[in-house]
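Peer 1: Mind having a look at this structure? Questions to follow.
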Amino acid sequence: MMAMAPPARAAIKVVATTEDLAALVQEVGGDRVQVEALARGYQDPHFVEPKPSFILKLHGADLLVVVGRELEIGWLPPLITQARNSRIQQSGDRYLDASLTAHILEIPTGEITRAMGDVHPLGNPHYWLSPDNGRLIARAIQKKLSEIAPTDAAYFAQRYADFDRRLADAEKRWTAAMAPYKGLKVVTYHRSWPNFTDGFGLDVIGYVEPKPGIPPSPSHTLELIQEMKRQQVKIIIMEPYFDSKTPDAIARDTGARVIVLAPSVGGQKEATDYFKLFEYDVNTLITAIKETGAK
Ligand SMILES: [Zn+2]
């Protein structure tokens, strides 16, 4: 006898603060979730303009997934309060902080002062840009979804296993493509890329921002230019949401090239899911390295 199709049930309504988290929820949740992202991947995730529609989404959410490490502190807390949904409050059982099980870099040691910059007080919050962390985030999502819908636990486990396998294959490809450029020196605008650059063996020798969240200053820019000339750095990696004036000026002075990568899913139009995010960044980077003769 043929198995009957299971009765249709309502999908779990998930709100994710970023498109990266939404993409990972989709990977694991399949057709048992209905997921929406608040911030768009081309926006600075530290500074997102809150919209009334966000409150409505949060009000109806069965689960809220956040990046954490204070990435959303400038915009999310009042929205959560106004959503009047007790379970998605930070203390609630439907609030998932994806950073809690991820590998976090640049965790400050010793006394934390404002002089260190404003926006990364609890370690680097841009941690989703390594396949390893993609796995850890997806695993946390799998656990949480299974808790919410225990009858679908096997489905989520199977989706996670499939994601893990496809990611391992893709990662092999990306690592092989990047292997010739191990140790390549680059500069980045914001500290958005440490998991990505560590993962692929790039050496970040400086930042356009003097400190995370602090805009470029003439004295810092001058020092950076001298350092780039000394170390012959030819690549400046930039996010899509910063003013290119300073990086362009640095590039003119040093003969480097500014490339805009996708820091998130949706950060460039080609980066439509978690896999295409890496695909885009790796390919764009390699093309620029070849064209500038950086290696
Ligand atoms: Zn940041």
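The values are calculated or read from the model by the stated rules, or taken from the named source; none is laboratory data. Nothing here was measured: the structure is a model prediction, and the numbers come from that model. FYI the Cβ positions are ideal-geometry reconstructions off the backbone, even for glycines, and counts take in every protein chain you see. The area values use the complete protein model at the heavy-atom level, side chains included, leaving out ligands, DNA and RNA. Shrake-Rupley method; radii C 1.70, N 1.55, O 1.52, S 1.80 Å.
Peer 1: Got at least one residue in the stretch 66-77 being outside any strand (DSSP E or B), away from the ligand (no atom under 16 Å from the Cβ) and assigned by TED's automatic domain parsing to the domain that holds ARG32?
Peer 2: Yes, because at least one residue in the stretch 66-77 is outside any strand (DSSP E or B), away from the ligand (no atom under 16 Å from the Cβ) and assigned by TED's automatic domain parsing to the domain that holds ARG32.
Peer 1: Now, a different point. Would you be able to say whether some residue in the stretch 253-261 is farther than 16 Å from ALA288 by Cα, without any contact (Cβ under 8 Å) to a residue 40 or more places away in the chain, out of contact with any helix residue (DSSP H, G or I) (no Cβ under 7 Å at 6 or more places or on another chain) and not charged (D, E, K, R)?
Peer 2: Within the stretch 253-261, none of the residues are farther than 16 Å from ALA288 by Cα, without any contact (Cβ under 8 Å) to a residue 40 or more places away in the chain, out of contact with any helix residue (DSSP H, G or I) (no Cβ under 7 Å at 6 or more places or on another chain) and not charged (D, E, K, R).
Peer 1: Related question: Out of all the residues in the stretch 262-278, which are buried (at least 19 other Cβ atoms within 10 Å of the Cβ) and touching a helix residue (DSSP H, G or I) at 6+ places or on another chain (Cβ under 8 Å)?
Peer 2: ALA262, SER264, VAL265, GLY266, GLY267, GLN268, ALA271, TYR274, PHE275, LEU277, PHE278
Peer 1: Can you confirm whether the stretch 182-191 contains a residue that is under 16 Å from LEU21 (Cα atoms) and among the hydrophobic types (A, V, I, L, M, F, W, C)?
Peer 2: Checked the stretch 182-191: no residue is under 16 Å from LEU21 (Cα atoms) and among the hydrophobic types (A, V, I, L, M, F, W, C).
Peer 1: Go through GLY30, GLY110 for me and flag whichever is away from the ligand (no atom under 16 Å from the Cβ), more than 20 Å from the chain's Cα centre (by Cα), assigned to a loop (DSSP other than H, G, I, E, B) and not hydrophobic (A, V, I, L, M, F, W, C).
Peer 2: GLY110 is the lone residue from the list that is away from the ligand (no atom under 16 Å from the Cβ), more than 20 Å from the chain's Cα centre (by Cα), assigned to a loop (DSSP other than H, G, I, E, B) and not hydrophobic (A, V, I, L, M, F, W, C).
Peer 1: Here are THR81, THR101, THR109: which of them is among the β-branched types (Val, Ile, Thr) and either at pLDDT below 95 or within 20 Å of ARG191 (Cβ to Cβ) (or both)?
Peer 2: THR109
Peer 1: For the stretch 208-243, which positions are touching a strand residue (DSSP E or B) at 6+ places or on another chain (Cβ under 6 Å) and either modelled with pLDDT under 95 or within 20 Å of GLN43 (Cβ to Cβ) (or both)?
Peer 2: ILE237, MET238, PRO240
Peer 1: Kindly provide the set of residues from the stretch 191-208 that are touching a Pro at 6+ places or on another chain (Cβ under 6 Å) and of a type outside the set (S, T, N, Q), ordered by number.
Peer 2: The initial filter retains those residues of the stretch 191-208 that are touching a Pro at 6+ places or on another chain (Cβ under 6 Å), namely 191-192, 208.
Passing the criteria: ARG191, VAL208.
Rundown of residues vs (1) β-branched (Val, Ile, Thr); (2) in contact (Cβ under 8 Å) with a residue 60 or more places away in the chain, yes/no style:
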| residue | (1), (2) |
| --- | --- |
| LEU79 | no, no |
| GLY92 | no, no |
| LEU96 | no, no |
| ARG135 | no, no |
| ARG139 | no, no |
| ASP152 | no, yes |
| ALA170 | no, yes |
| THR188 | yes, no |
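Peer 1: Only residues that are of a type in the set (A, V, I, L, M) and part of a helix (DSSP H, G or I): list them for the stretch 33-63, please. Give the derivation first.
Peer 2: Taking the stretch 33-63 as the starting set, the residues that turn out to be of a type in the set (A, V, I, L, M) are 33, 35, 37-39, 48, 55-56, 58, 61, 63.
The answer is ILE55, LEU56, LEU58.
Peer 1: Within the stretch 120-141, can you find the residues that are open to solvent by less than 50 Å² (accessible area, probe 1.4 Å), more than 16 Å from the ligand (Cβ to nearest atom), within 15 Å of VAL66 (Cα to Cα) and not β-branched (Val, Ile, Thr)?
Peer 2: Within the stretch 120-141, GLY134, ALA138, ALA140 qualify.
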